[in-house]
Amino acid sequence: MDEALLRSLTPSVLTVLVRRGADFAAAEDAVQDALVEAVRVWPADPPRDPKGWLVTVAWRRFLDATRAEAARRRREDRVDEEPAPGPVPTSDDTLRLYFLCAHPSLTPASAVALTLRAVGGLTTRQISQAYLVPEATMAQRISRAKRTVSGVRFDRPGDVATVLRVLYLVFNEGYSGDVDLAAEAIRLTRQLAAAIDHPEVAGLLALMLLHHARRATRTAADGSLVPLAEQDRERWDAAAIAEGVAILQAALARDRLGEYQAQAAIAALHADAPTAAETDWVQIVEWYDELARLTDSPVVRLNRAVAVGEADGPRAGLAALAELDDASPGSSGRAHPVPRRTAVAAHLHERDGDLATAARLYAEAAREAPNLAERDHLTRQAARLNSRRSR
């Protein structure tokens, strides 16, 4: 069963149903039914035209469900007759579908969640982890979003900023999660950059390329995490870095700074350093200051504390971390991620020479880690320090 093929076809199949007149919520349900049927049928009888097969099955599921509703009479004009057989459009409608999901009737948070579910193919659990909320809360948010757009004709595009947030979350899920969507996010962002002259679109594309360039070095052969300072920089993708830096420089020259350009500038400074010791942490702190001004994000302030610790010493970093504890949550309303904050504190205490506190905090962060790879990495850090102390 080619799950990657199913994932890649889902957005375009959903768009076909919406174009034919299906409301979004019903179309999404019908496509999910078709995917389940494909998993059952395809291994024994693979279709010659997978997309056409999915469209046909999904449309029939939609018709069946619609005819079963009490409101069939109000919809019969558009569902009574199945469209005449013909070739399925071969154009890539995925990007258009991103804009349609960022509909003006939805809040940005709901648009992001709905798009990740309907277009990105992520599960509700994965979306909730990306958004740092309980799974039940995210399930309710997605259900409300589907009800909101039910029956709405997508005749107005959504907000560019919302689409960028969607693409950024998809990239991050693909980069660090259990579903590889990073390449798809880059492809879609390239399309968006080609279609829209917007410096933040360019900034996001540059950011993705610069992060993706380091991907091969983020984990060891045994699957364990490799911190940035320990990565083999010779294995970084020099072509992707050069492209990302060039795109970023062109965007910054337009003097319309946004959060993705600022993040890309930080990534570029890391990529530009021949070794970890030669990283320009002073400039990185300055860019984090700009980013904090733009976003007021607790995650940004947490990362800034790390940078301050590198630029001005671990005690300055701990002081910046204390300021984060005293600050209120950012404009997003989300609290700072506790496991990461504990790990940052452990790192800064270790650099300050307080190995006992650092080991205790690494162990605490490991217990709170959101995934197995992070838990194992933090556990090893605690064990390493305890071993040093016992000598």
Cβ neighbours within 10 Å, averaged per peptide: list 112-118, 161-167 in order, most packed at the top.
112-118, 161-167
Out of F99, T217, A44 - ranked by how far each Cα lies towards the positive end of the dipole of the chain, with unit charges on the beta-carbon of charged residues - the top one is A44
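What whole-number volume per residue, in cubic angstrom, does the convex hull of the C-alpha atoms of the chain give? If you can, show how the numbers build up before the last one.
Details: hull volume 64.1 nm³, N = 391.
That works out to 164 Å³ per residue.
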Does anyone have the angle between helix 238-252 and the longest principal axis of the chain? Alpha-carbon axes, 0 to 90°, nearest 10?
80
Averaged per residue, the 1.4 Å probe accessible area of the stretch 197-279, protein heavy atoms only, in Å², is roughly 46
So how compact is the stretch 15-67: Cα radius of gyration and Dmax in angstrom?
10.9, 32
Report relative contact order for the chain in percent, whole number only (criteria: Cα-Cα under 8 Å, sequence separation at least 6).
10
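Given the -39500 (n - 2.57) contribution per DSSP H run of 4+ residues, what per-residue ellipticity at 222 nm results for the chain, rounded to the nearest 500 deg cm²/dmol? Write down the numbers at each step before the final one.
Values: 19 runs with 267 residues, N = 391.
-22000 deg cm²/dmol, from helical runs alone.
Once you charge only the Cβ atoms, +1 for Lys and Arg and -1 for Asp and Glu, what is the size of the charge dipole of the chain about its Cα centre, to the nearest 20 debye? Each step should come with its number before you reach the end.
Working: 49 positive and 54 negative charges, 187 e Å.
For this selection, approximately 900 debye.
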Interchain or long-range residues, amide H under 5 Å from T219's placed H
V226
Folded to 0 to 90 degrees: helix 372-390 orientation relative to the chain principal axis, Cα:
10
Restricting things to alpha carbons, tell me how big the stretch 339-391 is in terms of Rg and Dmax, in Å.
10.0, 32
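Ordered by packing density, taken as the mean number of other Cβ atoms within 10 Å over each peptide's residues, highest first, how do 304-315, 198-209 rank?
Details: 304-315: 20.2, 198-209: 24.9.
Packing proxy ranking, top to bottom: 198-209, 304-315.
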Between helix 135-149 and the chain, what is the angle of the helix's C-alpha long axis to the longest principal axis, kept within 0 to 90° and rounded to the nearest 10?
40
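The values are calculated or read from the model by the stated rules, or taken from the named source; none is laboratory data. All values reported here derive from a predicted model rather than from experimental measurement. All Cβ positions, glycine included, derive from the backbone under ideal geometry; neighbour counts span all protein chains shown. For accessibility, only protein heavy atoms count, side chains too; no ligands or nucleic acids. Shrake-Rupley method; radii C 1.70, N 1.55, O 1.52, S 1.80 Å.
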